[in-house]
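The values are calculated or read from the model by the stated rules, or taken from the named source; none is laboratory data. This structure is a prediction, so every number in the text was calculated from the model and none was measured. Virtual Cβ from ideal backbone geometry, glycine too; neighbours counted across all protein chains shown. Heavy atoms of the whole protein, side chains included, go into the accessibility calculation; ligands, DNA and RNA do not. Shrake-Rupley method; radii C 1.70, N 1.55, O 1.52, S 1.80 Å.
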Amino acid sequence: MPDDRDPVTQTQELVACHECDQLQQLRYPPASRIVRCCRCGAVVYRYHPDALNRTLALTTASLLLFIVANAFPIVAIDMQGNVLSTSMLGAIAHLWTTHVPVVAIMVALTTLVVPTLTMLLLVYLLTPLQLGYRPPGAAELLRLLHLSRPWGMIEVYLLGILVSIVKLMAYAAVIPGPSLWALMLLIPLMAAMMGTLHPDQIWRRLEQLS
C-alpha cells in the first residue's frame, strides 16, 4: 500500500553500512527519519518525506538570484570622481583580454557554467517528477549532475571578491552593487539546496515511473 508521506510504494531493499559494511534490510519509506546500522549504530539512511519539493523550491530561488548576480555590477570603484564598475561576465572578459585565458576559462567554468548547469538540471529533473512523469534522459543527466557538483565554486569567487574589496578600500571608495548582495544571499541558498538534495529519492521516483 502506498505510504501517505511519499508517493513511493513500500519496498524492501538491502543496504550496506558506510562504516562497517554490514548488509541489512531497509524498508522504504522507513518507520523513522534516521535509520541506524544494527551493528555499529552509524547512520545508514536519512529520510526526508518532502525533500524533492524543498529542493525544487530552493533551486528556483537560487536560479533567480543567480540571474540577478550576473545581470548587475558586483562593485563600483570611485577614484577621484572616476567611477568604474564590473559584473561577473565583465570580470571574466577582462581576464580573457589581459592574456590569462586559462584563468578566465576556469573562472567561467566554476562560477558560471557549472552552477547554471546544476540548477537547470535540477529544475529539469524535479519539475516533471513532481508532476508525475519521467523526464527524458533522466538517468544520464542525474549522473552528469553528480559529476559536475565538485566543480561549482561560487563561494570561492565571492571570498576573492570580498578580499579584493577590503584591499581596494585603502585606495578608493568601493560601492557594493546589486550583484554582490545577490551573491551573498545565493551562497547559503545553494548550500541549503544541495543539503536537501537526496539522489536516492530521485532514483526511487524514476524507478517507480519507468
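Numbers for the structure displayed
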quantity: Selection count where residues are crowded, with 16+ Cβ neighbours inside 10 Å and part of a loop (DSSP other than H, G, I, E, B), scope region 116-145; calculated: 2
quantity: Sole residue being touching a His at 6+ places or on another chain (Cβ under 9 Å) and either closer than 24 Å to Leu129 by Cα or in a strand (DSSP E or B) (or both), chosen from Val35, Val44, Val15; calculated: Val44
quantity: Evaluation of Ser148 against (1) over 24 Å from Val15 (Cβ atoms); (2) in contact (Cβ under 8 Å) with a residue 40 or more places away in the chain; (3) open to solvent by less than 50 Å² (accessible area, probe 1.4 Å) (one fails), failing number; calculated: (2)
quantity: Single unsatisfied condition, Phe66 versus (1) modelled with pLDDT under 90; (2) crowded, with 17+ Cβ neighbours inside 10 Å; (3) of a type outside the set (A, V, I, L, M); calculated: (1)
quantity: Count of residues meeting criterion [surrounded by 16 or more Cβ atoms within 10 Å (Cβ to Cβ) and either on the phi > 0 side of the Ramachandran plot or under 20 Å from the mean Cα position of the chain (by Cα) (or both)] in region 80-108; calculated: 3
quantity: Given (1) in a helix (DSSP H, G or I); (2) closer than 30 Å to Asp78 by Cβ, index of the condition Tyr171 fails; calculated: (1)
quantity: Residue identified as outside any helix (DSSP H, G or I), among the hydrophobic types (A, V, I, L, M, F, W, C) and closer than 16 Å to Gly160 by Cβ among Ile92, Ile77; calculated: Ile77
quantity: Region 187-210: number of residues that are open to solvent by less than 60 Å² (accessible area, probe 1.4 Å) and within 18 Å of the chain's Cα centre (by Cα); calculated: 14
quantity: Where Ile165 falls short, out of the listed (1) assigned to a helix (DSSP H, G or I); (2) under 22 Å from Gln80 (Cα atoms); (3) without any contact (Cβ under 8 Å) to a residue 60 or more places away in the chain; calculated: (3)
quantity: Enumeration of residues in region 158-186 that are under 17 Å from the mean Cα position of the chain (by Cα) and either small (Gly, Ala, Ser) or open to solvent by 40 Å² or more (accessible area, probe 1.4 Å) (or both); calculated: Ala182, Met184, Leu185
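Yes/no per residue for (1) modelled with pLDDT under 85; (2) more than 18 Å from Val68 (Cβ to Cβ):
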| site | (1), (2) |
| --- | --- |
| Arg143 | no, yes |
| Met169 | yes, yes |
| Ala172 | yes, yes |
| Met184 | no, no |
| Ala192 | no, no |
| Gln208 | yes, yes |
